[in-house]
Amino acid sequence: MKDCPGHVSMDNVSSSLESPEAVSDPAPTSADTGETEIATRSAPVSVGQSGALAEPDTEPVKMLRRRNGRAVAGVAGGLADHLGLSVLWVRIALVALAALGGAGVLAYGLLWVFAPQQPAEAETATISTRERRQAYGLLALGIGLTIAISTLTGAISGWVAASLGVALVGVVVVWREADESQRRRWRRDLRVGDLRAGVLGAVLGGGGRTALIRVLAGVAMVISGIAVFVLSNANLGDVQFAVFSVLAALVGVAVLTVPWWLRLVRDLGEERRARIRTEERAEIAAHLHDSVLQTLALIQKQSDQPREVQRLARGQERQLRGWLYGPTGYGRSSGGSGGGSGGGEPGAEHAGPSMLSEAVAKVCGEVEDSFAIQVQQVVVGDCAMTEQLTALVQAAREAMVNAAKHSGENEVSVYAEAEHDRVTIFVRDRGSGFDESTVSGDRHGLADSIRGRMERNGGEVRLRTAPGEGTEVQLSVVVRGSAAAAGMTESEART
Amino acid sequence: MTEPQVGRQPVRVFLVDDHALFRAGVRTELDSITDEVHVVGEAGSVAEAVTGIAHHKPDVVLLDVHMPDGGGAEVLRRVRPEYPEVVFLALSVSDAAEDVIAVIRAGARGYVTKTISSQELVRAVRRVSDGDAVFSPRLAGFVLDAFSERPGAAPISDPELDLLTPRERDVLRLLARGYAYKEIASELFISVKTVETHVSSVLRKTQLSNRYELSRWASDRRLV
């Protein structure tokens with residue numbers, strides 16, 4: 001059925017390019033998806049069958065079945081929308097055609113199969129209760145009329161009509177379920193799923209038990225309808241033979257089509273994988289665009305300001321590194337170390353780092369960003385953060401800030417070591433240094449932020465500095481309790 | 001081979017990196033800032049590197065860790081048995097412990113990151129060509145970590161190789177704190193030569209020890 005939709009539209013495009021008058025060609029001119037093709041082709045066919053309806057519009061638009069205002073499958077509504085008629089008239093016409101030899105039923109079935117549903121985003125008015133009642137009334141009338149007339153004309157007996165009716169209802173139930181499953185799939189946007197779910201999902205669409213029951217009930221109705229039809233028209237021996245031969249034929253077809261089924265399943269899996277890969281690639285591309293490309297653009301703009309360029313480059317490097325190799329990073333296979341919240345993402349501030357190494361990396365990054373200096377950090381060992389260690393890290397941050405502001409150097413070395421009973425952080429620069437006794441009393445950075453904070457938390461500060469010899473601040477705390485220094489994870493060294 | 005014999009002979013350096021842009025950058029930097037170092041050749045892949053090193057027989061190979069078909073470790077594995085006198089200095093953007101420890105275990109005499117300044121790079125090249133080891137602060141941190149005593153660690157099988165002496169530990173700590181060799185020497189009241197000896201000894205232990213952490217890092221990269 002889906003022979004070569006692209007081909008037809010290609011021809012159209014080229015012919016319309018060559019001769020302008022070819023545009024008025026009634027053949028499909030909308031050169032988009034295959035769906036268009038199917039819809040436009042099927043519409044004239046069934047309309048032609050129903051006879052009473054005039055030529056389709058010269059400009060073929062997609063005929064879509066209604067999603068919301070529908071009684072059975074939205075065919076009548078869709079047809080009405082397509083032709084610009086009232087739904088009621090379409091339904092009456094269909095019922096009349098159904099009564100007169102069943103053409104209406106056939107038309108309805110064909111349109112159901114070939115016309116796609118409206119996509120989820122299409123906005124439609126919902127059906128009113130009155131209209132719905134009307135539709136159901138017409139439906140009942142149509143069924144009654146069809147049976148009555150066919151019985152009267154003697155085309156088929158009452159038994160046959162009843163059994164066919166049952167089979168028809170079964171078909172309707174199953175087809176409706178197919179529509180539902182498509183809708184559910186739209187809703188869920190069909191994320192990752194395994195192969196089994198894919199095959200089952202094609203039938204059930206993730207509807208679960210109720211969907212299964214509905215489909216089975218529909219199938220049962222179809223089978224019993226056919227069975228009654230067959231039994232009432234043939235004697236038992238014939239039926240046995242027929243059932244046997246049908247089964248044999250089915251088995252034969254199943255065996256013959258095994259490669260095709262396998263390929264279908266494989267293609268499904270392959271397509272799924274391809275989609276996942278595409279999504280992955282899109283995610284990487286988006287990330288690189290948001291981060292690296294933006295930074296590069298900024299760097300180009302500010303290329304006359306080396307400090308700013310360095311700051312940008314360092315910040316970007318840190319962020320990308322965190323994204324790739326951080327505890328929750330992209331390059332990490334899932335799992336890994338449990339307590340990763342930092343991950344180099346600047347957004348994760350509220351959660352707070354849970355390990356010393358992360359906390360140190362975070363404050364180093366902040367200082368690098370704020371002051372356009374390089375902070376060379378090394379962390380040996382690791383332990384879970386406590387209030388005491390938070391104070392330690394904050395004091396270290398203050399020391400880094402001091403170094404950044406006053407040393408005149410643009411590189412600071414930070415070394416943190418977690419031992420069993422003690423955590424030490426060294427912050428060192430090779431800058432100008434100072435004489436501690438000459439620091440004026442109104443400078444609170446060292447006195448309050450570092451010394452005061454450390455003393456309140458049971459730590460100590462040692463300062464080594466002299467004019468011209470750089471500065472080293474040594475901060476250490478004795479860890480209370482033995483719980484510290486316990487968790488040496490494999491992430492400890494990759495700060 | 002036709003270099004002028006002015007003072008010390010320039011160190012002949014061979015560059016291995018799969019990024020041509022980076023090779024060009026290092027080459028210009030090294031050639032422009034000093035005549036202590038002379039770049040004799042470069043290679044962009046493992047195979048090129050193996051033939052290039054065999055042809056030029058450089059003093060020092062600056063080796064990228066990450067390359068297609070095996071990376072720096074593969075170059076080390078293929079070249080070192082034949083040319084034990086060629087010294088390797090790893091140069092990489094990666095700061096991951098596996099990478100750093102892996103190239104060291106494969107035989108590199110030092111590890112520096114690509115953000116190193118040109119002067120420091122020249123100093124590092126000079127140092128490895130003199131037979132010493134070059135530890136970036138971060139490498140020192142990794143090694144300290146790998147050799148640290150911690151509860152539940154695997155038992156020590158060879159104390160000679162699996163333990164650091166207190167002095168070596170001090171040296172490593174100062175290295176990790178960003179101290180230069182000279183500063184370490186004055187801090188510990190020892191000579192620079194002694195610092196170098198300690199660092200080389202740590203390098204030897206890092207390469208040869210069977211400590212669980214080291215062999216794990218190495219086996220992650222299938223080096224052992």
**OP:** Inspect segment B:129-137 for any residue being buried (at least 19 other Cβ atoms within 10 Å of the Cβ), more than 10 Å from every other protein chain (Cβ to nearest Cβ) and in contact with a Leu (Cβ under 6 Å, 6 or more places away or on another chain) and give the result as yes or no.
**Re:** yes
Subject >> Test for A:ALA217: is it farther than 29 Å from A:ARG275 by Cα, at pLDDT below 75, part of a helix (DSSP H, G or I) and touching a Gly at 6+ places or on another chain (Cβ under 9 Å) >> reply: no
Original post:
Out of curiosity, is B:GLU120 open to solvent by 30 Å² or more (accessible area, probe 1.4 Å), part of a helix (DSSP H, G or I) and either among the charged types (D, E, K, R) or more than 14 Å from chain A (Cβ to nearest Cβ) (or both)?
Top reply: yes
**OP:** Report the residue count in segment A:377-397 for those that are within 14 Å of another protein chain (Cβ to nearest Cβ) and under 40 Å from the mean Cα position of the chain (by Cα).
**Re:** 6
Original post:
Applying the selection to segment B:172-213, what residues are open to solvent by less than 40 Å² (accessible area, probe 1.4 Å), within 12 Å of chain A (Cβ to nearest Cβ) and assigned to a helix (DSSP H, G or I)?
Top reply: B:LEU172, B:LEU174, B:LEU175, B:ALA176, B:GLU213
Subject >> Per-region count, segment A:364-384, residues among the small types (Gly, Ala, Ser) and assigned to a loop (DSSP other than H, G, I, E, B) >> reply: 2
Subject >> Hey, A:VAL222 part of a helix (DSSP H, G or I), surrounded by 13 or more Cβ atoms within 10 Å (Cβ to Cβ) and not assigned by TED's automatic domain parsing to the domain that holds A:ALA404 or not >> reply: yes
Original post:
When residues of segment A:359-390 are filtered for being open to solvent by less than 30 Å² (accessible area, probe 1.4 Å) and on the phi < 0 side of the Ramachandran plot, how many remain?
Top reply: 18
Subject >> Options A:LEU320, A:LEU296; residue that is modelled with pLDDT under 85 and open to solvent by 40 Å² or more (accessible area, probe 1.4 Å) >> reply: A:LEU320
Original post:
Would it be correct to say that B:GLU149 is assigned by TED's automatic domain parsing to the domain that holds B:SER201, farther than 27 Å from B:LYS182 by Cβ and outside any helix (DSSP H, G or I)?
Top reply: yes
**OP:** Note down all Cβ pairs under 7 Å where the first residue falls in segment A:399-425 and is of a type outside the set (A, V, I, L, M), the second is in a helix (DSSP H, G or I) and at pLDDT 85 or above, and they're at least six residues apart or on different chains.
**Re:** A:SER413/B:PRO137; A:TYR415/B:ALA176
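The values are calculated or read from the model by the stated rules, or taken from the named source; none is laboratory data. The structure displayed is predicted, hence computed values, not measured ones. Glycine gets a Cβ as well: all are built from the backbone with ideal geometry, and neighbour counts include every protein chain shown. All accessible areas refer to the heavy atoms of the entire protein, side chains included, with ligands and DNA or RNA removed. Shrake-Rupley method; radii C 1.70, N 1.55, O 1.52, S 1.80 Å.
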